[in-house]
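Scroll down for the structure; my scribbles are underneath it.
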Amino acid sequence: MWIFLALLSALGLGFYDVMKKLSVRDNNVPVVLWLNTLFGTLLMSPVLIELLRSGHIGLDDSFEGHILIGIKAVIVLSSWILGYFAIKHLPLTIQGPINASRPVLVLVGAIVVYGEHLNAVQWLGILFGFLSLFLISRIGGKEGFSMKRSRWLWMTIGATLLGAVSALYDKFLVGRYNPLEVQFWYSFYQMLLMSVIAAMLLKGRHATTPFKWRWTIVGISCFLTAADIAYFYALSLPGAMIAVVSMIRRGSVFVPFLYGALVLHERNVKAKLIDLSILVVSLILLIIGSNLDI
């Protein structure tokens, strides 16, 4: 059951990326992102209603808990800001594989932060993951998105790194607080932070891209919320392995990749497909390596 939920979460994340691409194309990124945080908070509001009915505000009713969630909100929002601008300007067939390399970076971070030890299979998976990043950067260079000249490529790399930091931080938070409370409160604090940021950026609205309403903006929040609920529920089931669940979720890359190739007709699809295949091998090796440790 937990594997099915992980696959469902991956599917939701894939459509989430497609909705982002459709929403930010020729559109005002800060406003789209602010609406995403607003709708995400509203979708999770039943958690707050239930907490208030029980006479609590959650996260063990402690100031410390809300400070820790505030830190997560800053990390995630920073990743989203970079990621939204990147996906607006990068082809999905480049942005997707870079973002899908996050489990590789999480494992590297787990070694540094938590002192975890990897076996030979996991190390091989990490090497394939970095090979995939190297190849996709070379393909990007052929399309004018080289590491030397493209800030959008660096933004998506930054977003992926911050996403990995968030995943490592999640391990700490979920061990202390209720996952649904974590999800609601960081969504709420993100919305507050993004409200301030959007207001500051829109003061010079004559210099920004005009905002266009699209229903795909609602789709961003719906698919992301559904994907996160499936993810947290999967982790709550007996026998669920967080390393395997996290890696399965990266299979979401196939949805935006196929959309970019078949609908948007992006270039160099064959070369990118080879790179994606290497990334899949990397993820499979990481899953096998994780099972060997159990």
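The values are calculated or read from the model by the stated rules, or taken from the named source; none is laboratory data. No experiment lies behind these values; they were computed from the predicted model shown. Counting neighbours? That spans all protein chains shown, and the Cβs are built from the backbone with ideal geometry, glycine included. The area values use the complete protein model at the heavy-atom level, side chains included, leaving out ligands, DNA and RNA. Shrake-Rupley method; radii C 1.70, N 1.55, O 1.52, S 1.80 Å.
Residues are listed down the side, and each one gets a yes or a no for (1) assigned to a loop (DSSP other than H, G, I, E, B); (2) on the phi < 0 side of the Ramachandran plot; (3) touching a Leu at 6+ places or on another chain (Cβ under 7 Å):
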site	(1), (2), (3)
Ile157	no, yes, no
Lys171	no, yes, no
Tyr177	yes, yes, yes
Leu193	no, yes, yes
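Being surrounded by fewer than 18 Cβ atoms within 10 Å (Cβ to Cβ) and touching a residue at least 24 places away in the same chain (Cβ under 8 Å) is not true of Leu162. Just one of the listed residues (Ile75, Ile69, Ile57, Ile49) is within 19 Å of Pro179 (Cβ to Cβ), more than 20 Å from the chain's Cα centre (by Cα), aliphatic (A, V, I, L, M) and at pLDDT 85 or above, and it is Ile49.
Restricting attention to the range 131-159, the residues that are open to solvent by 20 Å² or more (accessible area, probe 1.4 Å), closer than 21 Å to Ile274 by Cα and at pLDDT 80 or above total 2.
Identification of helices (runs of 4 or more DSSP H) wholly contained in the range 1-65 with 3 or more residues that are open to solvent by less than 10 Å² (accessible area, probe 1.4 Å) yields 2-24, 29-43. Residue pairs whose Cβ atoms lie under 9 Å apart, sitting 6 or more positions apart in sequence or on different chains, and linking a residue in the range 77-93 that is farther than 14 Å from Gln190 by Cβ to a partner that is surrounded by 20 or more Cβ atoms within 10 Å (Cβ to Cβ) and among the basic types (Lys, Arg), are Ile87/Lys20; Ile87/Lys21; Lys88/Lys20; Lys88/Lys21; Pro91/Lys272; Leu92/Lys21; Thr93/Lys272. Among the criteria (1) touching a Phe, Trp or Tyr at 6+ places or on another chain (Cβ under 9 Å); (2) closer than 22 Å to Ser252 by Cα, the one Val31 does not fulfil is (2).
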